[in-house]
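Enquirer: Sharing a structure below in structure tokens format, with a few things to ask.
Rule-based calculations on the coordinates, nothing more; no lab input. Treat the numbers as computed from the prediction; the structure is a model and nothing was measured. In this analysis, Cβ positions are derived from the backbone assuming ideal geometry, glycine residues included, and neighbour counts consider all displayed protein chains.
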Amino acid sequence: MFTPVTSRYPIQPGRRFPARPPPARLAALGFALCLAVVGSAGAQTRQVFVSSASGSANFSSWPSATPGAVGLEAADSICRNLATTAGLARPDAFRAWLSDSLDDAWCRVQDVTGTRDSACDGATALPGAGPWARIGDGGRWGGRLTALIEQQGPLLPLDRTELGAPVPDLDLYWTGTDETGRAYDRLASELCADWTSNAAGAFTLLGSTFETRLNWTTSFGGSCGAWRHLVCLETGVGAIQPQVATLGPAALAFVTSRVGSGNLASWPGADGLSGLAAADAVCHREAAAFHLPSPLTFVAWLSTSTLDASSRLPTGLAWRRLDGTGIAAGRADLLDGRLAAPINQIPAGAYLPQPPEWTAPMWTGTAFDGTRLPGETCLDWTSTSDVDSGLVGSANSAAADWTDGRPFPCSALVPLYCFSTAEMLFWGIFESGDALDWSPHT
């Protein structure tokens, strides 16, 4: 049985996150997004969406399923019927990102059968799949299949339906699939009887609309009787590389490759300083070591008992990751409980978490709205005691828990978020090439 990740905002019936910006506000923020328009290029650009429909793990019971279809066949029919209704260019090419006891999602998205361990039933040459653009805004969701599974993971949360509309609430979808594209378990009982059961006492693996990296497909466990969405991917290899969903101009943000305890003076690179000054020094050193622009403009995202982290950032800046992906269109957008994309990239380019780690906690001491949480700042970042605690966020999340997760003992060794306070009009390291299938160094 699965256990949800502990958080200040646990996923459970009646769960409430800070409100998502209304559609009008989302449209207003769109002026800053520099995105590819997929539209008529759909035949060449592979697309991905979350189903607007939802239902139990018995997919034949969904109204949008083709009558008589069961299991994976029913799930694929739901994707194709929704794509047809939405007017997508190749509706019959969509498959659900699901595994069962006989077929892995890794093989299915390449339009072949079997398991990854059997080389997809001994296929002589696997065709591959991707890259994928997110429906609606055309932003690059994932690179080719190997990059999606083995390197970067998704660049963006998968939170758009086949109609291009944002998923109204932070939600979960059926996968039954681990981070390698394999079935979580070969037992049909762990896959809701190969997707024919809605038994409340049976459980399977779910992905989330607000996480990337490993957790887009392995986020939570859930009952087969709950109502969840599907992920629908267009099969085949696309000839067009979707554009990164960037913001420009914007400042940079990254997560440190170094980790340390809640006593920031003990970190390498603290330069003999303590507290926030030590944290800022760590950010400066990492930015300079990897030749980021204006390294001295970076500050750590930390609160103390007397200072809010939000007060350390200017109000008029947008932020993006080093790969160009937009994070937030301004400080208010950063603090509304929903990021455009997680802040999970280290200066060398790799994305957190890195296996064998499954989570990416980050010291913050900061609530979702940017305010301090006294008693959860490791004695203003001077303690390494197991008795004292500091609030951590999750670098892999675009939800409120990117900063407002749960307390960790101050002896824990975790990284920091670093935000620049200077706008970059152009930065030539990542822009000089396409990082679509770039395999970063850690």
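Enquirer: Can you tell me, using C-alpha contacts under 8 Å and at least 6 residues apart, the relative contact order of the chain as a whole percent? Don't skip to the end; give the middle numbers.
Expert: Details: 1186 pairs, mean separation 78.4, N = 442.
Worked out over the chain, it gives 18 percent.
Enquirer: Per 20 Å bin from zero, what fraction in whole % of the C-alpha pairs of the chain is there, up to the bin with the longest pair?
Expert: The distribution over the chain is 27, 56, 17, 0, given as percents.
Enquirer: Relative contact order for segment 273-356: what percent, with Cα pairs under 8 Å and sequence separation of 6 or more?
Expert: Reported as a whole number, the value is 19 percent.
Enquirer: Looking only at Gly130, Gly176, Gly164, which one moves most when the chain is put into a Gaussian network model with springs between Cα atoms under 10 Å?
Expert: Per the Cα network of the chain with a 10 Å cutoff, Gly164 tops the list.
Enquirer: When Glu376, Glu162, Glu357 are ordered from fewest to most other Cβ atoms inside 10 Å of their Cβ, what list results? Spell out each step's value before the answer.
Expert: Values: Glu376 22, Glu162 26, Glu357 10.
Fewest-to-most ranking of Glu376, Glu162, Glu357: Glu357, Glu376, Glu162.
Enquirer: Next question. With a sphere of radius 13 Å drawn around the Cβ of Ile327, what net charge do the other residues whose Cβ falls strictly inside it have (Lys, Arg +1; Asp, Glu -1)? List each step's numbers first, then the result.
Expert: Details: positive: Arg320, Arg321, Arg331, Arg338; negative: Asp323, Asp333, Asp336.
That sum, taken over residues with Cβ under 13 Å, equals +1.
Enquirer: Also, quick follow-up: Between Ala119 and Ala277, how high is the FRET efficiency from 1/(1 + (r/R0)^6) when r is the Cβ-Cβ distance and R₀ = 45 Å? Nearest 0.05.
Expert: Numbers: r = 55 Å, r/R0 = 1.22.
It comes to 0.25.
Enquirer: Right, something else. Please find, in a Gaussian network model of the chain (springs between Cα atoms separated by less than 10 Å), the residue of Cys120, Cys378, Cys232 whose mean-square fluctuation is greatest.
Expert: Cys120
Enquirer: Mean residue ellipticity at 222 nm from the helices of the chain, using -39,500 (n - 2.57) per DSSP H segment of n ≥ 4 over the full residue count, to the nearest 500 deg cm²/dmol? Display every interim value, and only then the final one.
Expert: Numbers: 9 runs with 62 residues, N = 442.
Using -39500 (n - 2.57) per qualifying helix, the result is -3500 deg cm²/dmol.
Enquirer: Starting with the fewest neighbours, write out Val387, Val50 ranked by other beta-carbon atoms found within 10 Å of each beta-carbon. Don't jump to the answer; show the numbers that get you there.
Expert: Numbers: Val387 8, Val50 28.
Least crowded to most crowded, the residues run Val387, Val50.
Enquirer: To the nearest 10 degrees, how steep is helix 275-289 against the longest Cα principal axis of the chain, on a 0 to 90 scale?
Expert: 60
Enquirer: Take the chain, connect every pair of alpha-carbon atoms lying under 10 Å apart with a spring to form a Gaussian network, then pick out the residue of Arg144, Arg258, Arg108 with the largest mean-square fluctuation.
Expert: Arg258
Enquirer: Another question, then. Using alpha-carbon pairs under 8 Å, 6+ residues apart, how would you state the relative contact order of segment 31-234 in percent? Let's see the in-between values first.
Expert: On the way: 512 pairs, mean separation 57.5, N = 204.
It comes to 28 percent, rounded to a whole number.
Enquirer: Oh, and also: How large is Rg over Rh for segment 56-98, taking Rg from the Cα atoms and Rh as the Kirkwood inverse mean of 1/r across Cα pairs? Mind showing how you got there, number by number?
Expert: Details: Rg = 9.7 Å, Rh = 10.1 Å.
Over the Cα atoms of segment 56-98, Rg/Rh equals 0.95.
Enquirer: Taking the Cα atoms only, what angle lies between the long axis of helix 71-86 and the longest principal axis of the chain, rounded to 10 degrees?
Expert: The two axes meet at around 80 degrees.
Enquirer: Continuing with this model, one more query. Using a 7 Å offset from the Cα along the Cα-to-Cβ direction at both Gln44 and Val259, what is the distance between the two label points in nm, to one decimal?
Expert: Here the answer is 4.4 nm between the modelled labels.
Enquirer: Using Cβ counts within 10 Å as a stand-in for footprinting exposure, how do Ile346, Ile240 rank, fewest first?
Expert: On the way: Ile346 23, Ile240 15.
In order of increasing Cβ crowding within 10 Å: Ile240, Ile346.
Enquirer: Sticking with this one: Where Rh is the Kirkwood radius over the Cα pairs of segment 246-430, the temperature 20 °C and the viscosity 1.002 mPa s, what D in µm²/s does Stokes-Einstein return?
Expert: Result for D is 136 µm²/s.
Enquirer: Then there is this: Please name whichever of Ala412, Ala400, Leu379 sits farthest to the positive end of the charge dipole of segment 370-422, dipole taken about the Cα centre and charges placed at Cβ: Lys and Arg +1, Asp and Glu -1.
Expert: Of the candidates, Ala400 comes out farthest on the positive side.
Enquirer: Now a separate question. Against the empirical 2.2 N^0.38 Å scaling, what ratio does the C-alpha Rg of segment 31-234 come to?
Expert: 0.93
Enquirer: Could you tell me the center-to-center distance, by alpha carbons, between segment 366-427 and segment 298-315 in angstrom?
Expert: Between the Cα centre of segment 366-427 and that of segment 298-315, the gap is 10 Å.
Enquirer: Here is a further query. Using the alpha-carbon centroid of each, what span in Å lies between segment 106-140 and segment 202-235?
Expert: 18
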